[in-house]
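Colleague: Take this structure, written in structure tokens, and hold onto it; I'll ask about it next.
The values are calculated or read from the model by the stated rules, or taken from the named source; none is laboratory data. For clarity, every value in this text was computed on a predicted model and none was experimentally measured. Quick reminder, even Gly has a Cβ in these numbers, built from the backbone with ideal geometry, and neighbours come from all protein chains shown.
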Amino acid sequence: MEKIEDLGIKGYKIIQNKDGFCFGSDAVLLSKFAKVKRGSRGLDLCTGTGIIPVLTYALHGPASIDAVEIIPRVAEMAARTMELNGLSEVIRVKNADLKDAPEIYGSRIFDFVTCNPPYMNSGGGLVNPKDELAVSRHEIMCTLDDVVRVSARCLKQTGRMFMVHRADRLCDVVSAMRKYKIEPKRLAVVYPDPAGAANLILIEGLMNGRPQLRLEKPVFMYDENGNYLQNITENIV
């Protein structure tokens, strides 16, 4: 069943399906972490409901964002979200395989790429029997290597990639980025609470950048008493 949720920023709303695609805190964190320049042009891969492009546009003011989603029903829902917010001209949703993005848009044309990709590799976790959810969570239709390779082809020579991923795949993420000459430049580690182990990473890479990584202060989702920190994004500089 679909629902419309107020995002609490500039009056923007998002259409979600409570039985399937609902955005999580990882998307919110990535949108704040992605330091994109006003007036720049971006590409969002694995866009899902379109939450990352909407929040990125609201927070940072890029000129435009192209958003790619492989599942037809979800892409259509994201497109309706853009219509609902009057953003269809600046956030353009396309139902396509992200691996085709360089052919669809061209190479070396985007200032930035954002992505909240499927986290689970082929050997990790149980596959959800609902195909659409499985595609969003497991590397079925694309792999981490696909995401980084396509980003490298689409980015300008000094473009930036922003991605959220599982903390236990940090080595895989860094390895893939360096393989395609996207140098990791900034890293924030996300913890569920001060006593817990990290569960997410936020990483920024610079196309053809020089080696030098800045480690941001840690981000905590809940305090030591289990209270959700409503201002978690304020910890990201």
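Colleague: Tally up the residues in segment 164-206 that are of a type in the set (D, E, K, R) and either under 19 Å from Val219 (Cα atoms) or in contact with a Phe, Trp or Tyr (Cβ under 8 Å, 6 or more places away or on another chain) (or both), please. Show your work before the answer.
Modeller: Step one: list which residues in segment 164-206 are of a type in the set (D, E, K, R), which gives 166, 168-169, 172, 178-179, 181, 183, 185-186, 193, 204.
After this cut, where a residue has to be either under 19 Å from Val219 (Cα atoms) or in contact with a Phe, Trp or Tyr (Cβ under 8 Å, 6 or more places away or on another chain) (or both) as well, the list is 166, 168-169, 185-186, 193, 204.
Final tally of qualifying residues: 7.
Colleague: Can you spot a residue in segment 49-60 that is within 19 Å of Met161 (Cβ to Cβ), out of contact with any strand residue (DSSP E or B) (no Cβ under 7 Å at 6 or more places or on another chain) and surrounded by fewer than 21 Cβ atoms within 10 Å (Cβ to Cβ)?
Modeller: yes
Colleague: Turning to a different aspect of this structure: Does segment 136-145 contain at least one residue that is polar (S, T, N, Q), modelled with pLDDT under 95 and surrounded by fewer than 20 Cβ atoms within 10 Å (Cβ to Cβ)?
Modeller: Step one: of segment 136-145, the residues polar (S, T, N, Q) are 136, 143.
In the following step, the residues that additionally are modelled with pLDDT under 95 were identified as 136, 143.
Pick out the ones that are also surrounded by fewer than 20 Cβ atoms within 10 Å (Cβ to Cβ) and you get 143.
Yes, the conditions are met somewhere in segment 136-145.
Colleague: Do we have any residue at all in segment 99-111 that's in contact with a strand residue (DSSP E or B) (Cβ under 8 Å, 6 or more places away or on another chain), closer than 26 Å to Arg169 by Cα and either among the small types (Gly, Ala, Ser) or without any contact (Cβ under 8 Å) to a residue 60 or more places away in the chain (or both)?
Modeller: Yes: one or more hits.
Colleague: Please verify whether segment 16-29 includes one or more residues that are at pLDDT below 95 and assigned to a strand (DSSP E or B).
Modeller: Looking for residues that are at pLDDT below 95 and assigned to a strand (DSSP E or B), one finds at least one in segment 16-29, hence yes.
Colleague: Same structure, new question: Kindly provide the set of residues from segment 72-99 that are charged (D, E, K, R), assigned to a helix (DSSP H, G or I) and over 18 Å from the mean Cα position of the chain (by Cα), ordered by number. Can you show your working first?
Modeller: Our first condition is that a residue be charged (D, E, K, R); within segment 72-99, this holds for 73, 76, 80, 83, 89, 92, 94, 97, 99.
Retained after the next criterion (residues that are assigned to a helix (DSSP H, G or I)): 73, 76, 80, 83, 99.
Those that are charged (D, E, K, R), assigned to a helix (DSSP H, G or I) and over 18 Å from the mean Cα position of the chain (by Cα): Arg73, Glu76, Arg80, Glu83.
Colleague: Residues of segment 84-94 being surrounded by fewer than 20 Cβ atoms within 10 Å (Cβ to Cβ) and within 18 Å of Cys22 (Cα to Cα), which ones?
Modeller: Listed by number, the list holds a single entry, Leu84.
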